[in-house]
Amino acid sequence: MTDTDRLLSVGRLARRAGLTPKALRHYDRIGLLRPTVVDSDTGYRWYHPDQVALARLIWLLRSVELPLDQVRAAVAAWLCGDADTVDLILRRQRQLLDARTTRLRGALHTIDHLISEGIDMSDKEPTTMSAPGTGTITDERMLAAQLFNQTWRLMEQEQRSQADDDRMIHTAHASRYHWGQVPTATPAHMARGEWQISRVYCVLGRAEPAMHHAQRVLDICLENGIGDWDLAFAYEALARASAVGGDLEAARGFTDKALAAAEEIVEDGERDVVLADLETIPGQPRYW
């Protein structure tokens, strides 16, 4: 059998690599994956079997939503044996995906507030003029919610400065403080405030404070008989903080507890949110 006889058609390569023929033709046009031979009479594209691995790499990179320009850079680095550049590209993409996940988590939190507290479209001033600690109950509640949402917006930013990171820490702590000044606030509000602080520190790669506040989430849940969504996210926070600290064994153990707690969540949609969040824990592939 000659080398020509071993060549793969677009369809065969597509099936072996998990791509579509349309995608392969596009990658040829943009110079990402050129065929070995193009029949001058028919225009058919033919690929060498050795190109299957490259095609599968492109599929894998695209499966994590890596833009084509970054796929091109990662492929070039991979072909040159430059593992550091590939690692850098993947880490940057992970940060972007984590920001998107955080944005969705924030939207879900807002929806929860709207469902539990209703939509108030009255003509109110969006900020309070009262000094911290001296305002009314309404002021404190409004400020706590505003600071909570501001923290989410900062976490959602795909590019943050050092000043943004500092502000994110301060707004998370301030939100939790002001919830503590609202007499009608529930333990669940406190747990969610601690959870957000833990997530902020995880985003910043600071395992020790992340673990401290994650443990506070769990303590509040257990002390007040809180289950369902909040308990599952307490274990998720502990798993994430453990992973950030490099303790993957502990992360796995807390993930198992989060999965068990998720089974008790009444709403299927909320359970799915917990499971999706667990998939974003660093260094831990999905195993359930």
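General remarks:
- Within the range 170-193, residues that are in the same structural domain as M142 (by TED's automatic domain parsing) and surrounded by 22 or more Cβ atoms within 10 Å (Cβ to Cβ) have Cβ atoms under 6 Å from residues that are outside any helix (DSSP H, G or I) and hydrophobic (A, V, I, L, M, F, W, C) in these pairs: W179/A185, counting only partners at least 6 apart in sequence or on another chain.
- Within the range 60-69, tally of residues that are surrounded by fewer than 16 Cβ atoms within 10 Å (Cβ to Cβ) and in contact with a helix residue (DSSP H, G or I) (Cβ under 9 Å, 6 or more places away or on another chain): 4
- When residues of the range 135-163 are limited to those that are in a loop (DSSP other than H, G, I, E, B) and among the small types (G, A, S), the one modelled with the highest pLDDT: S161
- Residue in the range 36-54 that is surrounded by the most Cβ atoms within 10 Å (Cβ to Cβ), counting only those that are without any contact (Cβ under 8 Å) to a residue 24 or more places away in the chain and more than 18 Å from A76 (Cβ to Cβ): V38
- Yes/no for F254 being crowded, with 22+ Cβ neighbours inside 10 Å, among the hydrophobic types (A, V, I, L, M, F, W, C) and out of contact with any Ser or Thr (no Cβ under 8 Å at 6 or more places or on another chain): no
- If you check V266, V203 for being farther than 20 Å from Q95 by Cβ, modelled with pLDDT under 95 and in contact with a helix residue (DSSP H, G or I) (Cβ under 7 Å, 6 or more places away or on another chain), only one passes: V266.
- Residue that is farthest from the chain's Cα centre (by Cα), among those in the range 151-169 that are closer than 14 Å to T101 by Cα and acidic (D, E): E158
- G81 vs. criteria outside the structural domain of K22 (by TED's automatic domain parsing) and at positive phi: yes
- For the range 211-225, the tally of residues that are on the phi > 0 side of the Ramachandran plot and either of a type in the set (D, E) or assigned to a helix (DSSP H, G or I) (or both) stands at 0.
- Any hit, the range 221-230, residues being within 28 Å of E267 (Cα to Cα), in contact with a helix residue (DSSP H, G or I) (Cβ under 9 Å, 6 or more places away or on another chain) and buried (at least 22 other Cβ atoms within 10 Å of the Cβ): yes
- Sole residue being part of a helix (DSSP H, G or I) and not hydroxyl-bearing (S, T, Y), chosen from A185, A191: A191
- Within the range 230-288, tally of residues that are part of a helix (DSSP H, G or I) and without any contact (Cβ under 8 Å) to a residue 40 or more places away in the chain: 24
The values are calculated or read from the model by the stated rules, or taken from the named source; none is laboratory data. The structure displayed is predicted, hence computed values, not measured ones. Here Cβ is always computed from backbone atoms with ideal geometry, including for glycine, and neighbour counts include all displayed protein chains.
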